[in-house]
1. Using the number of other C-beta atoms within 10 angstrom as an exposure proxy, rank 217, 29 with the fewest first.
2. By how many nm would the segment from residue 140 to residue 217 grow when fully extended, if each residue of separation counts as 0.36 nm and the alpha-carbon distance is taken off?
3. I need the peptides 123-136, 177-190, 98-111 ranked by packing, meaning the mean over residues of other C-beta atoms within 10 angstrom, with the highest value on top.
4. In square nanometres, what is one fourth of the surface area of the convex hull spanned by the alpha carbons of region 16-155?
5. Once you have the Cα-Cα distance between residue 230 and residue 10, take 0.36 nm times their residue separation minus that, and quote the gain in nm to one decimal.
6. How much length is gained if the chain between residue 107 and residue 178 is pulled fully straight, taking 0.36 nm per residue apart and subtracting their Cα-Cα distance, in nm to one decimal?
7. Take 234, 7, 27 and order them by how many other Cβ atoms sit within 10 Å, fewest up front.
8. Would you mind classifying region 56-132 by shape? Square roots of the alpha carbon gyration tensor eigenvalues, ordered a ≥ b ≥ c; an a/c under 1.5 is rounded, otherwise it is prolate if a/b is larger than b/c and oblate if not.
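Please treat every number below as a calculation from the coordinates, not as lab data. Computed from a predicted model, the values in this text were never measured in an experiment. As a convention, Cβ positions derive from the backbone with ideal geometry for all residues, glycine included, and neighbour counts pool all protein chains shown.
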């Protein structure tokens with residue numbers, strides 16, 4: 001895999017001193033379990049590096065946003081962060097870096113198209129960030145995240161990944177307050193088949209919900225998430241019951 005490693009490092013703009021960290025960041029648990037015959041496979045996969053990379057990524061993205069946009073309110077910063085650390089965005093970054101071609105997969109994952117799976121690629125990118133952090137330190141990880149994760153984006157814009165913004169932000173808000181994960185359900189629709197309007201309800205726990213309408217289930221869900229997020233932000237300490245129908 002020597003030539004491939006040089007090609008990948010050129011794409012990353014970073015050369016590893018410890019190639020074993022890079023190899024581990026690229027190793028999916030399916031491959032690790034195959035090599036170890038099912039024994040301690042998780043310890044040789046990229047899962048721990050993913051855990052580290054997720055934390056490093058969140059911290060650096062928050063740092064960049066606060067530095068660049070001191071005038072942004074917390075809610076707007078949260079939405080921009082949710083977009084930049086979302087699986088959708090990380091998946092696109094991983095595709096741009098051609099990360100899938102370099103992954104080390106087990107036979108099952110290889111046969112099921114693992115090199116193109118969104119979650120697998122997003123996780124591998126986080127593992128790669130963790131590996132860079134361990135190999136080169138916080139400053140090199142910061143450089144990589146600024147260039148590859150934030151660099152091509154305009155965090156000032158509300159466009160781009162608007163389809164994932166509010167759902168991601170609501171989930172992050174709920175997690176930070178140790179609340180149940182948001183749930184979504186279609187509660188109705190109206191209009192002719194060619195121009196239906198859907199009504200979707202977003203719910204967190206048993207007593208927090210908001211409904212919204214949209215021309216697609218996705219749009220309606222995002223609007224409902226936005227409404228519920230704004231409602232929950234008015235609750236003292238994130239507690240209390242708010243309903244909207």
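1. Listing 217, 29 from fewest to most nearby Cβ atoms yields 217, 29.
2. Result for the pair: 23.6 nm of gain on full extension.
3. With the highest mean Cβ count within 10 Å placed first, the list reads 123-136, 98-111, 177-190.
4. Answer in nm², one decimal: 8.3.
5. Taking 0.36 nm per residue and subtracting the Cα distance, the gain is 74.9 nm.
6. Details: separation 71, 0.36 × 71 = 25.56 nm, distance 3.79 nm.
Working it through step by step, the gained length comes to 21.8 nm.
7. Details: 234 9, 7 14, 27 23.
If I rank by nearby Cβ atoms, fewest first, I get 234, 7, 27.
8. Judged from the Cα gyration tensor, region 56-132 comes out prolate (a/c at least 1.5, a/b above b/c).
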